[in-house]
Amino acid sequence: MLPHRLTAPTPGWTTQADVVVVGSGIAGLTAALRIEAADPALKVLVVTKDVLSAGSTQWAQGGIAAALGPGDTPEQHEHDTLVAGAGACDLDAVRALVTEGPDAVRELIALGTVFDSHDGHLSLTREGGHHRDRIAHAGGDATGAEIQRALIAAVHRTDDIEVIEHALAVDLLLAADGGVAGITLHVMGEGQRDGVGAVHCRAVVLASGGLGQVFSQTTNPRVSTGDGMAVALRAGATLRDLEFVQFHPTVMYLGDGARGQQPLISEAVRGEGAFLVDFDGNRFMQGVHELADLAPRDVVAKAIHRRMEETQKPHMWLDARHLGAEFWEHRFPTILATCRQHGIDPAVDLIPVAPAQHYASGGVRTDIHGRADVPGLYATGEVACSGVHGANRLASNSLLEGLVFARRIAAVLPDELRPWADVADAREPSGLVPGESRTVIQEVMTSKVGVLRTAEGLADAVTALGAIGADRDASPQLEAWEATNLLTVSTALALAAQAREETRGSHWREDHPDRDDVAWAGNLDTRLVGNAESLRLETTFSAARATDTTDHVPGSLIAPVTEGVR
């Protein structure tokens, strides 16, 4: 049984802020800066689990997508996004992304972000699923780090945004109407405060990133343990489309025993001309998709996995030798250094690659202004499901989503802030699983809920996760809180994957290999329901509201809205 709240000590300190932003990547810092600019009288508090620069944004290599090049248009960007999303995107959200994206990127530049340029014009490149060169990059392959640097510098230029580092968001505090009244934090010793405390506030913006540590191998940093999704779920919010987990096709293979964060080989390398080969040197993506090695990520990941199974090999190869040493030094210095660190010279050697968990397209369900269904709760970035990515995120749309929808939150939040409210939180019971459960959870999720999924494997996963019970002796500390969040999100993800009996985008069911737009064109929502004696996760299907024929799949006309528990 999953807890309604995490077991934690009584808050030893309290403070107050109008708005608490949880997370310090592109989504969180943009939201904080824009909210403060919209109303300087508001007190904005940013809390982050590590230091300001430690989230997923700094690891983004390829770039940020926007229709900024000659001949490109938001309509073309929209088309590519919808095709990649495999009929599961929200059209209004996608249109907001692609139409507001160019100006949002220009504002990043005005803020101090230095993108790569040539002759005074942005240097734009192409990645999988894009039919135009529209990926702006910085430092060759250090785009996220440069954006993060510029945003942190902007935060430091203002005295009106308070920052607490090394702070884990434990649980939301709720008012009598079920809306946000505050949030509890655990601040580790390096932070400004120590131990568990409470922040009384009028709104919370979740921008806490993804859930990559649910799996044994991921490109996500260690802090990505699904905390924001679990916090929202326990407060009564809805999680949407968790089954759509993107596995990046080209993650450096470090051996069968490798665990944790793995080195990413950006899709931009293929955008510059690299290609995939098997152990016999065959370019196996030829004929699989019209874009071959630059097909959408789910297509490439599946093709690699199939060839690995057919040849009984643990990985495939990325051939970028023809790009040359000078090009590697200039265009991909970060990836080059990583390859060399592992004994590979990509100008001379093939790079071993295999799919690994990369991005969660699902998350906290929001509208196109980032509002969740708990009053006063907003979400943006990878923690959220805005509807932009559908069943499979288009390359380099993630930084853009965090940027655009953080701006959208800031545009409405100051005018709809809740009044100050007393905490009237009667949720029970509390609970924890032991920190050592983390490894067990990761092994179950990797083996049963990974790239390939089956009814039998998913049933085994749900059973195995359900057997990881709360431990009364588990000490309330970081490891146990993270493990409990991982178990909560893993269970919701496995149940959603079990419910969706089709293959769509990044969700691949071997026992249901075809896309089924008649039965499954829509979204799966997961909530905690019941009472203290019988608390459970419930997954509900809602048919899509709009028509999406852009991916040219027969039968993609969407039915009217219907709902039912599956």
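Considering only the stretch 461-476, how many residues are of a type in the set (G, A, S) and either in a helix (DSSP H, G or I) or surrounded by 23 or more Cβ atoms within 10 Å (Cβ to Cβ) (or both)?
Here the count works out to 3.
For the stretch 301-308, indicate whether the set of residues that are surrounded by 24 or more Cβ atoms within 10 Å (Cβ to Cβ), in contact with a helix residue (DSSP H, G or I) (Cβ under 9 Å, 6 or more places away or on another chain) and either in contact (Cβ under 8 Å) with a residue 12 or more places away in the chain or on the phi < 0 side of the Ramachandran plot (or both) is non-empty.
no
Would you confirm whether or not the stretch 477-491 contains a residue that is outside any helix (DSSP H, G or I) and under 20 Å from the mean Cα position of the chain (by Cα)?
no
Given the criteria touching a strand residue (DSSP E or B) at 6+ places or on another chain (Cβ under 9 Å) and buried (at least 20 other Cβ atoms within 10 Å of the Cβ), does D278 qualify?
The answer is no for D278.
Among the residues of the stretch 129-144, is there at least one that is surrounded by fewer than 24 Cβ atoms within 10 Å (Cβ to Cβ), of a type outside the set (G, A, S) and in contact with a His (Cβ under 7 Å, 6 or more places away or on another chain)?
Taking every residue of the stretch 129-144 in turn, none turns out to be surrounded by fewer than 24 Cβ atoms within 10 Å (Cβ to Cβ), of a type outside the set (G, A, S) and in contact with a His (Cβ under 7 Å, 6 or more places away or on another chain).
Sort out which residues of the stretch 63-85 are small (G, A, S), buried (at least 24 other Cβ atoms within 10 Å of the Cβ) and more than 28 Å from A543 (Cα to Cα), and write them in order of number.
Within the stretch 63-85, G63, A65, A66 qualify.
Would you pick out the residues in the stretch 5-16 that are outside any strand (DSSP E or B) and touching a Ser or Thr at 6+ places or on another chain (Cβ under 7 Å)?
T7, A8, P11
What number of residues in the stretch 443-460 are part of a helix (DSSP H, G or I), more than 20 Å from the chain's Cα centre (by Cα) and closer than 24 Å to I304 by Cα?
8
So which residues in the stretch 312-327 are without any contact (Cβ under 8 Å) to a residue 60 or more places away in the chain and surrounded by fewer than 23 Cβ atoms within 10 Å (Cβ to Cβ), if there are any at all?
Hits for the stretch 312-327 are Q312, K313, W317, D319, R321, H322, L323, G324, A325, E326, F327.
H79: touching a strand residue (DSSP E or B) at 6+ places or on another chain (Cβ under 8 Å) and either within 14 Å of L394 (Cβ to Cβ) or aromatic (F, W, Y) (or both), yes or no?
no
Residues of the stretch 162-191 being closer than 19 Å to E416 by Cβ and in a strand (DSSP E or B), which ones?
L172, L174, V180, A181, G182, I183
Here is a check on your reading of the model: is D80 assigned to a helix (DSSP H, G or I), closer than 30 Å to G522 by Cα and touching a residue at least 12 places away in the same chain (Cβ under 8 Å)?
yes
Scan A88, A96, A60 and give me the residue that is closer than 15 Å to G402 by Cα, buried (at least 24 other Cβ atoms within 10 Å of the Cβ) and aliphatic (A, V, I, L, M).
A60
Please list, ordered by first then second residue, the pairs with beta carbon atoms under 9 Å, 6 or more apart or interchain, first in the stretch 39-61 and within 15 Å of L417 (Cα to Cα) and among the charged types (D, E, K, R), second at pLDDT below 95 and outside any strand (DSSP E or B).
Short answer, once both residue conditions are applied: K43/D160.
Give the residues of the stretch 105-123 that are crowded, with 21+ Cβ neighbours inside 10 Å and either assigned by TED's automatic domain parsing to the domain that holds G271 or part of a helix (DSSP H, G or I) (or both), sorted by residue number.
Passing the criteria: V105, L108.
Is it true that D72 is acidic (D, E), over 22 Å from the mean Cα position of the chain (by Cα) and either closer than 30 Å to Q477 by Cα or in a loop (DSSP other than H, G, I, E, B) (or both)?
yes
Which count do you get for residues in the stretch 173-205 that are at pLDDT 95 or above and either of a type in the set (S, T, Y) or out of contact with any Leu (no Cβ under 9 Å at 6 or more places or on another chain) (or both)?
7
Given (1) closer than 23 Å to P221 by Cα; (2) not in a loop (DSSP other than H, G, I, E, B), identify the lone condition not met by G255.
Looking at each condition in turn, G255 falls short on (2).
Test of understanding: among V231, V205, which residue is more than 15 Å from the chain's Cα centre (by Cα), under 28 Å from G530 (Cα atoms) and part of a helix (DSSP H, G or I)?
Being more than 15 Å from the chain's Cα centre (by Cα), under 28 Å from G530 (Cα atoms) and part of a helix (DSSP H, G or I) holds for just one of V231, V205, which is V231.
Can you tell me how many residues in the stretch 100-121 are in contact with a helix residue (DSSP H, G or I) (Cβ under 6 Å, 6 or more places away or on another chain) and within 11 Å of R407 (Cβ to Cβ)?
So the count comes out to 3.
Restricting attention to the stretch 94-145, which residues are on the phi < 0 side of the Ramachandran plot and charged (D, E, K, R)?
Passing the criteria: R95, E100, D103, R106, E107, D116, R126, E127, R132, D133, R134, D141.
Return yes when V46 is part of a strand (DSSP E or B) and out of contact with any Asp or Glu (no Cβ under 9 Å at 6 or more places or on another chain) and no when it is not.
Criteria not met by V46.
The values are calculated or read from the model by the stated rules, or taken from the named source; none is laboratory data. Here the structure is a predicted model, which is why all the values come from computation and not from measurement. Note: ideal-geometry Cβ built from the backbone for every residue, glycine included; neighbour counts use all protein chains shown.
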